[in-house]
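Q: One structure, pasted below without further comment.
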Amino acid sequence: MQPQARGREERSSISGHGQPAVLSVPPSAPARLVVLASGAGSLLASLLKSAVGDFPARVVAVGTDRVCGALGIAADASVPTFTVALADHPDRSAWDTAVADATAAHHPDIVVSAGFMKILGPGFLSRFPGRVLNTHPALLPAFPGAHAVRDALAYGVRVTGCTVHLVDAGADTGPIIAQQAVPVLDGDDESTLHERIKIIERQLLVDVVAAMATRGITWTGRKATLG
């Protein structure tokens, strides 16, 4: 018998307002994580390093949209992988459905977008409402998009940071779960600042996954609360 995702949602999307929506992951067994990535896989590596022993979640699969370093990290950890390339599908909607199907085959409780460089559309999000996390190297809503660190430096901010949020249909617009500040130092360039953000981002993601796996998450409109 195939394992089933154990999360339970009380509504089907994370947009709008009204009664609180709840995702609970029963702690009787580790939560099942599917990690989506497009790059070197440093966030994935942090999750794999943490997801041992008493940690309340395990990475059960890694999905990518291209050949990338994350596949090698997954292979080294004997974690199943799948790749769904946009170019192999007639349109974005078909690709979105294919990614959802490949992800669903691993029955995730939580999906982590860890440096995944494609926007997940309705065909994906409707299958995993309230279960998809993303990290972003800025204090949202400031500096969304792919060049957050560069944009923060160009604007001249003295403090930036990282955010973990639920994914909705927009780009870096979902309800914020957790944030941590990182100071911008004199002499910082994009590389040095991004490296310091990554250190904080990795630990923040691990902490949020652990909390979500044990306590679940509740959200109303733009406010998300762990437990």
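Quick grid of which residues meet (1) modelled with pLDDT under 95; (2) surrounded by 15 or more Cβ atoms within 10 Å (Cβ to Cβ); (3) not in a loop (DSSP other than H, G, I, E, B):
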position: Ala5; (1), (2), (3): yes, yes, no
position: Ala29; (1), (2), (3): yes, no, no
position: Leu43; (1), (2), (3): no, yes, yes
position: Leu47; (1), (2), (3): no, yes, yes
position: Gly53; (1), (2), (3): no, no, no
position: Ala61; (1), (2), (3): no, yes, yes
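Q: Restricting attention to segment 103-115, report how many residues are surrounded by 17 or more Cβ atoms within 10 Å (Cβ to Cβ) and either hydroxyl-bearing (Ser, Thr, Tyr) or more than 20 Å from Ile199 (Cβ to Cβ) (or both). Reasoning before the result, please.
A: Step one: of segment 103-115, the residues surrounded by 17 or more Cβ atoms within 10 Å (Cβ to Cβ) are 103, 106, 108-115.
With the extra rule that they be either hydroxyl-bearing (Ser, Thr, Tyr) or more than 20 Å from Ile199 (Cβ to Cβ) (or both), the set shrinks to 103, 106, 108-111, 113.
Qualifying residue count for the region: 7.
Q: Turning to a different aspect of this structure: Restrict the check to segment 190-209 and report whether at least one residue is farther than 25 Å from Leu48 by Cβ, of a type outside the set (Val, Ile, Thr) and either surrounded by 20 or more Cβ atoms within 10 Å (Cβ to Cβ) or without any contact (Cβ under 8 Å) to a residue 40 or more places away in the chain (or both).
A: Residues of segment 190-209 that are farther than 25 Å from Leu48 by Cβ, as a first pass: 190, 192-193.
Now restrict to residues that are of a type outside the set (Val, Ile, Thr): 190, 193.
Keeping just the survivors that are either surrounded by 20 or more Cβ atoms within 10 Å (Cβ to Cβ) or without any contact (Cβ under 8 Å) to a residue 40 or more places away in the chain (or both) gives 193.
Yes, the conditions are met somewhere in segment 190-209.
Q: Can you tell me which residue among Ser93, Ser78 is surrounded by fewer than 16 Cβ atoms within 10 Å (Cβ to Cβ), at positive phi, out of contact with any Ser or Thr (no Cβ under 9 Å at 6 or more places or on another chain) and not basic (Lys, Arg)? Show your work before the answer.
A: On the way: Ser93 fails: at positive phi.
Selected residue: Ser78, the only one of Ser93, Ser78 that is surrounded by fewer than 16 Cβ atoms within 10 Å (Cβ to Cβ), at positive phi, out of contact with any Ser or Thr (no Cβ under 9 Å at 6 or more places or on another chain) and not basic (Lys, Arg).
Q: Being at pLDDT below 95 and not in a loop (DSSP other than H, G, I, E, B) narrows it down to one of Ala210, Ala154, Ala171, Ala224, so name that one. Before the answer, list the steps.
A: Values: Ala210 fails: at pLDDT below 95; Ala154 fails: at pLDDT below 95; Ala171 fails: not in a loop (DSSP other than H, G, I, E, B).
Answer to the check: Ala224.
Q: Right, next: So which of Gly130, Gly174, Gly227, Gly216 is touching a strand residue (DSSP E or B) at 6+ places or on another chain (Cβ under 8 Å), crowded, with 23+ Cβ neighbours inside 10 Å, at positive phi and not aromatic (Phe, Trp, Tyr)? First the steps, then the outcome.
A: Values: Gly174 fails: at positive phi; Gly227 fails: crowded, with 23+ Cβ neighbours inside 10 Å; Gly216 fails: crowded, with 23+ Cβ neighbours inside 10 Å.
After ruling out the rest, the residue left standing is Gly130.
Q: Then there's this: If the requirement is being out of contact with any helix residue (DSSP H, G or I) (no Cβ under 6 Å at 6 or more places or on another chain), crowded, with 18+ Cβ neighbours inside 10 Å and either acidic (Asp, Glu) or more than 21 Å from Leu47 (Cα to Cα) (or both), which of these qualifies: Ala154, Ala148? It would help to see each step written out before you state the result.
A: Details: Ala154 fails: crowded, with 18+ Cβ neighbours inside 10 Å.
Checking each option against the conditions leaves just Ala148.
Q: Of the numbered conditions (1) part of a helix (DSSP H, G or I); (2) within 30 Å of Gly216 (Cβ to Cβ); (3) free of Cβ contacts under 8 Å to residues at least 24 places away in the same chain, Ala75 satisfies every one except a single condition; which is it?
A: Result: Ala75 passes all but (2).
Q: Another question, then. Give the residues of segment 80-112 that are touching a helix residue (DSSP H, G or I) at 6+ places or on another chain (Cβ under 9 Å), outside any helix (DSSP H, G or I) and not β-branched (Val, Ile, Thr), sorted by residue number.
A: Pro80, Phe82, Ala85, His89, Asp109
Q: Additional query: Which residue out of Leu140, Leu133 is at pLDDT 95 or above, assigned to a loop (DSSP other than H, G, I, E, B) and within 15 Å of the chain's Cα centre (by Cα)?
A: Numbers: Leu133 fails: assigned to a loop (DSSP other than H, G, I, E, B).
Result of the check over Leu140, Leu133: Leu140.
Q: I'd like the full set of residues that are of a type in the set (A, V, I, L, M, F, W, C) and in a loop (DSSP other than H, G, I, E, B), limited to segment 118-130. Steps first, please.
A: Taking segment 118-130 first, the residues of a type in the set (A, V, I, L, M, F, W, C) are 119-120, 124-125, 128.
Result: Ile119, Leu120, Phe128.
Q: Can you name every residue in segment 184-207 that is among the hydrophobic types (A, V, I, L, M, F, W, C) and either in a helix (DSSP H, G or I) or touching a Gly at 6+ places or on another chain (Cβ under 7 Å) (or both)? I'd like the intermediate steps shown before the answer.
A: From segment 184-207, those among the hydrophobic types (A, V, I, L, M, F, W, C) are 184-185, 193, 197, 199-200, 204-206; that's our starting set.
Result: Leu193, Ile197, Ile199, Ile200, Leu204, Leu205, Val206.
The values are calculated or read from the model by the stated rules, or taken from the named source; none is laboratory data. Here the structure is a predicted model, which is why all the values come from computation and not from measurement. Neighbour counts run over all protein chains shown; Cβ positions are idealised from the backbone, glycine included.
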